[in-house]
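Structure first, then comments.
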């Protein structure tokens, strides 16, 4: 039985970096690649970081009920393809969805056992500093992202776990513990070790 994890955070909280490091150190764990209408940032690759599509392509998939969740974030659209998630889970691979709180609500409607993890910054000033240090946005965009972050953070209590990204390595270890804790649940272990249980009992 594979697990579906939802990882959400306001922009600038280090979600993508944490998930990337988590994937590198954890076996049998993959990120479901989402579709987006935003432009690729420097270093991002189509099909690896996102499937970068036009608004028309996105709308077509959405109309065909092809997304497990979709949302508008700032001026762009994001969505996780149902088939992508299903194919990974069917192989027994644990899956991470990097989405926002709106998407998490949608996923929970279909996958009631999905595990939600919300990442917060250690302070408002730290978040503003991280957004500014990116050097990708002008001050007006940083200000808007800060306003949106405050709104997003109000939904932290809709998730199962809360991780504070103050020290990167500590936050990464917290995420790792959450993954492994769920893999040790009775329902998971019973399936994984059915042959052993049969021989012992």
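The values are calculated or read from the model by the stated rules, or taken from the named source; none is laboratory data. None of these values were measured; they are calculated from a predicted model. With ideal geometry, Cβ positions are generated from the backbone for all residues, glycine too; neighbour counts draw on all protein chains shown.
Before moving on, here are some points about what is shown:
- Test: residue in the stretch 90-104 that is in a helix (DSSP H, G or I), over 28 Å from residue 40 (Cα atoms) and modelled with pLDDT under 95: yes
- Condition met for residue 69 (closer than 28 Å to residue 144 by Cα and over 15 Å from the mean Cα position of the chain (by Cα)): no
- The listed residues are 5, 58, and the only one of them that is within 21 Å of residue 107 (Cα to Cα), touching a helix residue (DSSP H, G or I) at 6+ places or on another chain (Cβ under 9 Å) and at pLDDT 95 or above turns out to be 5.
- Sole residue being modelled with pLDDT of 95 or more, surrounded by 15 or more Cβ atoms within 10 Å (Cβ to Cβ) and part of a helix (DSSP H, G or I), chosen from 176, 199: 176
- Going through (1) within 20 Å of residue 117 (Cβ to Cβ); (2) without any contact (Cβ under 8 Å) to a residue 60 or more places away in the chain one by one, residue 28 falls short only on (2).
- Residues of the stretch 73-84 that turn out to be closer than 20 Å to residue 179 by Cβ and touching a helix residue (DSSP H, G or I) at 6+ places or on another chain (Cβ under 9 Å), as a count: 1
Here's the yes/no breakdown for (1) surrounded by 13 or more Cβ atoms within 10 Å (Cβ to Cβ); (2) in contact with a strand residue (DSSP E or B) (Cβ under 9 Å, 6 or more places away or on another chain):
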residue	(1), (2)
74	no, no
107	yes, yes
110	no, yes
117	yes, yes
132	yes, no
140	no, no
148	yes, yes
160	yes, yes
168	no, no
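To keep it simple, each residue is scored yes or no on (1) closer than 26 Å to residue 167 by Cα; (2) surrounded by 17 or more Cβ atoms within 10 Å (Cβ to Cβ).
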| residue | (1), (2) |
| --- | --- |
| 1 | no, no |
| 8 | yes, yes |
| 13 | yes, yes |
| 16 | yes, no |
| 45 | no, no |
| 57 | no, no |
| 71 | no, yes |
| 79 | no, yes |
| 88 | no, yes |
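- Matching residues in the stretch 151-167 - criterion: being part of a helix (DSSP H, G or I) and either out of contact with any helix residue (DSSP H, G or I) (no Cβ under 7 Å at 6 or more places or on another chain) or more than 30 Å from residue 125 (Cα to Cα) (or both): 151, 153, 156, 157
- The stretch 17-33, residues that are closer than 11 Å to residue 96 by Cα and touching a helix residue (DSSP H, G or I) at 6+ places or on another chain (Cβ under 7 Å): 22, 29, 30, 31, 32, 33
- Boolean, residue 142 is closer than 18 Å to residue 31 by Cα and either in a helix (DSSP H, G or I) or modelled with pLDDT of 90 or more (or both): no
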